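Structure, as structure tokens:
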Amino acid sequence: MESITKMEEFLKKCTLCPRNCKVNRMADKAGYCGQSASIYVARAALHMWEEPCISGGRGSGTVFFSGCNLRCVFCQNHEIAAGRAGKEIDIEHLAKIFLRLQKEGAANLNLVTGTHCVPQIIRSLRIAKEKGFKIPVLYNSSGYESVETLKLLEGAVDIYLPDFKYINSVTAKKYSNASDYPQITKMAIKEMVRQCKEAVFDDEGYMQRGVIVRHLILPGHVEESKQILAYLYGTYGNDIYYSIMNQYTPLKHVAAYPEINRKITEAEYDEVVDFAIDLGIENGFIQEGETADESFIPQFDCEGI
């Protein structure tokens with residue numbers, strides 16, 4: 001981990017994410033993520049809806065950070081991605097939240113969309129570990145990450161849970177204003193695997209170390225989903241775990257994009273899953289039933305903060 005002084009330097013000319021805004025967030029200026037150097041958290045509670053090896057029966061100790069460097073048009077967490085929800089806290093308070101979630105029995109600490117808060121997260125983890133924090137730390141990400149920032153997390157993060165949303169730059173530009181998403185995410189996942197390649201599980205089946213790559217299938221984008229899985233399997237085989245998700249939920253703000261303003265069909269999902277099986281993917285998670293339901297989206301009402 002880097003020194004505190006160097007951590008703060010990252011915020012003075014912010015290049016924590018691939019947007020490279022270079023704004024002085026320490027001077028209360030906001031980057032593309034919509035956040036200054038202040039920490040805003042929208043929810044901190046046990047979450048039961050992650051992959052079985054993450055949530056299990058105990059729950060994952062999720063901390064949802066306000067703001068996002070990607071801001072997808074179909075985001076299910078759009079209220080916090082846009083920074084419209086959340087409460088300001090300091091580094092010491094964040095450390096107390098980490099410790100409280102551990103005390104509540106969380107299987108892990110799940111840091112959701114924390115890219116723009118990496119320096120503060122590292123400092124909070126140091127404080128918490130001095131006070132007995134020891135559960136695995138999970139970095140839950142859009143996949144749109146700077147390799148340099150990920151290197152700051154080496155030794156602090158045990159499990160990486162990135163998305164791989166797009167492999168087509170046109171799609172990435174249209175839905176996330178990030179035409180470089182495919183190449184950036186490829187490099188980011190390579191770094192994550194370098195740090196946590198060997199998957200480790202405890203006796204209860206909870207992951208202690210490793211990489212799980214999530215892919216949310218978009219309506220009408222089955223071929224792109226296949227290309228993503230083919231790339232990942234061709235590169236990493238079964239050294240990583242795969243989570244193929246059908247829970248795309250067309251919320252009201254995607255009405256401007258009629259081609260994705262629907263749920264994916266059962267046939268679309270089955271086609272992608274069958275493709276994954278034919279590829280040889282063994283370490284995979286799939287979803288069954290009506291997961292594309294708004295009830296699976298937590299309330300960002302500052303619970304646990």
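Could you tally the net charge around residue 216, taking each other residue with its Cβ under 10 Å from the Cβ of residue 216, Lys/Arg +1 and Asp/Glu -1?
Charge balance near residue 216 sits at +1.
Given Cβ point charges of +1 (Lys, Arg) and -1 (Asp, Glu) and nothing else, what value in debye, to the nearest 20, does the dipole of the stretch 136-252 about its Cα centre take?
540
Please work out whether the stretch 48-108 counts as rounded, prolate or oblate from its C-alpha gyration tensor, where a ≥ b ≥ c are the square roots of the eigenvalues and a/c under 1.5 means rounded, while otherwise a/b larger than b/c means prolate and anything else oblate?
Verdict is oblate for the stretch 48-108.
Give, as a single signed number, the net charge of other residues whose beta carbon lies under 12 Å from the beta carbon of residue 38, with Lys and Arg counted +1 and Asp and Glu -1.
Local net charge: 0.
List the GluC sites (Glu not before Pro) within the stretch 67-136 that fall in a DSSP loop (any state other than H, G, I, E or B) and whose Cβ has at most 15 other Cβ atoms within 10 Å.
Here the sparse-neighbourhood loop sites are 104.
Report the trypsin sites (Lys or Arg not before Pro) located in the stretch 19-128 that are in a DSSP loop and have at most 11 other Cβ atoms inside 10 Å of their Cβ, or state none.
Within the stretch 19-128, the qualifying trypsin sites (Lys or Arg not before Pro) (loop, at most 11 other Cβ atoms within 10 Å) are 22.
Starting from the Cα gyration tensor of the stretch 202-305, take the square roots of the eigenvalues, sort them a ≥ b ≥ c, and report rounded, prolate or oblate (rounded when a/c is under 1.5, otherwise prolate if a/b is larger than b/c, else oblate).
oblate
Counting other Cβ atoms within 10 Å of each Cβ, which trypsin sites (Lys or Arg not before Pro) in the stretch 155-253 have at most 15 and sit in a DSSP loop?
The qualifying sites are 197.
Taking a ≥ b ≥ c as the square roots of the eigenvalues of the Cα gyration tensor of the stretch 1-149, is the shape rounded (a/c under 1.5), prolate (a/b larger than b/c) or oblate?
oblate
Take every Cα pair under 8 Å in the stretch 186-235 that's 6+ residues apart, average their separations, divide by the length, and report that relative contact order as a whole percent.
Once divided by the residue count of the stretch 186-235, the mean separation gives 22 percent.
In Å, the Kirkwood hydrodynamic radius of the stretch 68-149 over pairs of distinct alpha carbons?
13.8
Return the subset of 87/174; 190/226; 103/186; 22/197; 87/134 for which the Cα-Cα distance in this structure is over 29 Å, preserving the input order.
In this structure, 87/174; 103/186; 22/197 exceed 29 Å between Cα atoms.
Using only the Cα atoms of the stretch 183-223, each taken as one equal point scatterer with no solvent, compute I(q) by the Debye sum, divide by I(0), and report log10 of the ratio at q = 0.17, 0.18 Å⁻¹.
Reported log10 I(q)/I(0), two decimals: -0.63, -0.68.
Among 139, 284, 153, which residue has its Cα positioned farthest towards the positive end of the charge dipole of the chain, with +1 placed on the Cβ of Lys and Arg, -1 on the Cβ of Asp and Glu, and the dipole taken about the Cα centre?
Most positive-ward Cα: 153.
Taking the Cα centre of the chain as origin, work out the dipole magnitude from +1 charges on Lys and Arg Cβ and -1 charges on Asp and Glu Cβ, in debye rounded to 20.
Once rounded to the nearest 20, the dipole reads 1500 debye.
Give me the net charge of residue 161's neighbourhood, meaning all other residues with Cβ under 13 Å from the Cβ of residue 161; Lys, Arg count +1, Asp, Glu -1.
Around residue 161, the surrounding residues sum to -3.
Let me check the size of the stretch 167-262 from its C-alpha atoms; what are the radius of gyration and Dmax in Å?
According to the Cα coordinates of the stretch 167-262, Rg and Dmax are 15.5, 48 Å.
With point charges of +1 on the Cβ of Lys and Arg and -1 on the Cβ of Asp and Glu, referenced to the Cα centre of the stretch 179-261, which listed residue (184, 200, 234) lies farthest in the positive direction of the dipole?
About the Cα centre, the residue reaching furthest to the positive side is 184.
Suppose every K and R has +1 on its Cβ and every D and E has -1 on its Cβ; what is the size of the dipole of the stretch 192-257 about the Cα centre, in Debye to the nearest 20?
300
How long is the chain along each principal axis, judged by its Cα atoms, biggest number first, in Å?
50, 45, 35
Quick note: the coordinates plus some simple rules give every number you see, no bench work behind them. None of the values given here were measured: they were computed from a predicted structure. All Cβ positions, even for glycine, are placed from backbone atoms using ideal geometry, and neighbour counts span all protein chains on display.
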